[in-house]
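Shown next, in structure tokens, is the structure this report addresses.
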Amino acid sequence: MLLHVGASKCGSSALQSFLSENPVLEGEDGRKLFYGFLDNQKGLVIGEEVSDRAWANQRGYVCCPNAGWISDAEGSWIEMVREQIKKFYKKKGGHASLILSNEGWFHNPDKFDWLSFINKLDVNVEVVSYVRPPVEMMNSAWWQWGAWTSAGLGKYIRRRKPTLRWYDYADKWSDIDWVSNVEIIPLDVNVVEDFLEFCGVGFSENIQHYVNRGLPAEVLRLYQRHPELRPGPHDSKIDFVLSKYLKHGSPTPWVLERKDVESIIEYTRDSNVNLSRFVGEKFSKRMDNPAWWDPDHFSNKPVSSWKPTEPSDEAVELDELCAAMASVIYELDMKSR
């Protein structure tokens, strides 16, 4: 069994999109890999239904629920999922593996007691997670969650920093007795290509369109001026819709000042040093990236305000029109599914 546990903002949606469209893969050794997800009614779903459900989902993919939801689920649901996993391995034997994925699982290794029964099935469980340099992650996290809360940037950075100590969480996963291996992969251009290589799967299809792309700065600033479009940190469905149609625009605004960069790097330095314990040889050179270690690496980035920017007087009506159009695109996409 392979658990892809994130981390958040590290290419998970690209990987989940690929796996949802290709829910059965074949390894170079002939082993079949089945991507599945846990439905809140039906339990484990694998096979063609994965792709069908992904098509109907606005995000364009399906994945498992968050760890908190699973750990709080009714006992009857947990028992159903356990029996389904047992049946899967009894039927497939050692010639197949099950892949489950949720980008938020990385930070919640303490919520997986429900899976401890796997010890009795003689099934190896590997945990794989992508991570990125903490400074880059912080800027990305601000625009994914922080900007849509009442917290200012400084408060958000202080609150978020502990979650960027990747080693601490990888170490907790490795302490779980039914986990046989923890693999940390520093994020690169194409998570899908990395994942297939890690799984020993050859795949000839062009996979470049599965590369994650953030929303243009123009859309993020539009959100700030029109909070009805993005009312909260987890109201992100509109992001997935707009990103399908908007392929151009300015890069994500960089909001971290030099003092912020230095603080984050020093706070996570020992964690980053220890992380090499979990980074395989194939990917170890990625840790040489100065973005992990050197504040000067970010010195050429122009710093933008984290606060909303207002349009010029001449552009107010155009700004209102753009907000209305974004809302219409979202609504039309909903109706098409």
Go through the residues of segment 212-232 one by one and say whether even a single one is loosely packed, with under 14 Cβ neighbours inside 10 Å and among the basic types (K, R). yes
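Among residues belonging to segment 1-17 that are assigned to a loop (DSSP other than H, G, I, E, B) and in contact with a strand residue (DSSP E or B) (Cβ under 7 Å, 6 or more places away or on another chain), point out the one that is nearest to L164 (Cα to Cα). Please lay out each step first, then the result.
Pass one, segment 1-17, residues assigned to a loop (DSSP other than H, G, I, E, B): 1, 5-11.
Next, only the ones that are in contact with a strand residue (DSSP E or B) (Cβ under 7 Å, 6 or more places away or on another chain) stay: 1, 5-7, 10-11.
Details: M1: 26, V5: 15, G6: 13, A7: 10, C10: 12, G11: 16 Å.
For segment 1-17, the residue satisfying everything is A7.
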Picking from S236, S312, S284, which residue would you name as being among the small types (G, A, S) and surrounded by 14 or more Cβ atoms within 10 Å (Cβ to Cβ)? S236
Of all the residues that make up segment 297-337, how many are without any contact (Cβ under 8 Å) to a residue 60 or more places away in the chain and of a type in the set (F, W, Y)? 0
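If you go through segment 287-300, how many residues are assigned to a loop (DSSP other than H, G, I, E, B) and under 18 Å from L187 (Cβ atoms)?
Initially, segment 287-300 is screened for residues assigned to a loop (DSSP other than H, G, I, E, B), giving 289, 293-294, 299-300.
Filter once more, keeping what is under 18 Å from L187 (Cβ atoms): 289, 293-294.
Within segment 287-300, residues that are assigned to a loop (DSSP other than H, G, I, E, B) and under 18 Å from L187 (Cβ atoms) number 3.
Just checking: which of the helices (runs of 4 or more DSSP H) contained wholly in segment 89-181 hold 2 or more residues that are free of Cβ contacts under 8 Å to residues at least 60 places away in the same chain and out of contact with any Cys (no Cβ under 8 Å at 6 or more places or on another chain)?
Ranges flagged: 153-160.
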Of those in segment 152-194 that are surrounded by 16 or more Cβ atoms within 10 Å (Cβ to Cβ) and in contact with a Lys or Arg (Cβ under 7 Å, 6 or more places away or on another chain), the residue nearest to E266 (Cα to Cα) is P186
Please note which strands (runs of 3 or more DSSP E) are completely contained in segment 18-83 and include at least 3 residues that are in contact (Cβ under 8 Å) with a residue 60 or more places away in the chain and either out of contact with any helix residue (DSSP H, G or I) (no Cβ under 8 Å at 6 or more places or on another chain) or surrounded by 15 or more Cβ atoms within 10 Å (Cβ to Cβ) (or both). 32-35
Counting only residues that are part of a helix (DSSP H, G or I), closer than 21 Å to I157 by Cα and aromatic (F, W, Y), segment 252-286 contains a total of 1
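Quick check on segment 276-287. Is at least one of its residues under 27 Å from the mean Cα position of the chain (by Cα), outside the structural domain of Y167 (by TED's automatic domain parsing) and polar (S, T, N, Q)? Give the derivation first.
So in segment 276-287, the residues under 27 Å from the mean Cα position of the chain (by Cα) come out as 276-287.
Pick out the ones that are also outside the structural domain of Y167 (by TED's automatic domain parsing) and you get 276-287.
Next, from what is left, pick out any that are polar (S, T, N, Q): 276, 284.
Yes, there is a match, as at least one residue in segment 276-287 is under 27 Å from the mean Cα position of the chain (by Cα), outside the structural domain of Y167 (by TED's automatic domain parsing) and polar (S, T, N, Q).
The values are calculated or read from the model by the stated rules, or taken from the named source; none is laboratory data. Everything quoted here is computed from the prediction, not taken from an experiment. Here Cβ is always computed from backbone atoms with ideal geometry, including for glycine, and neighbour counts include all displayed protein chains.
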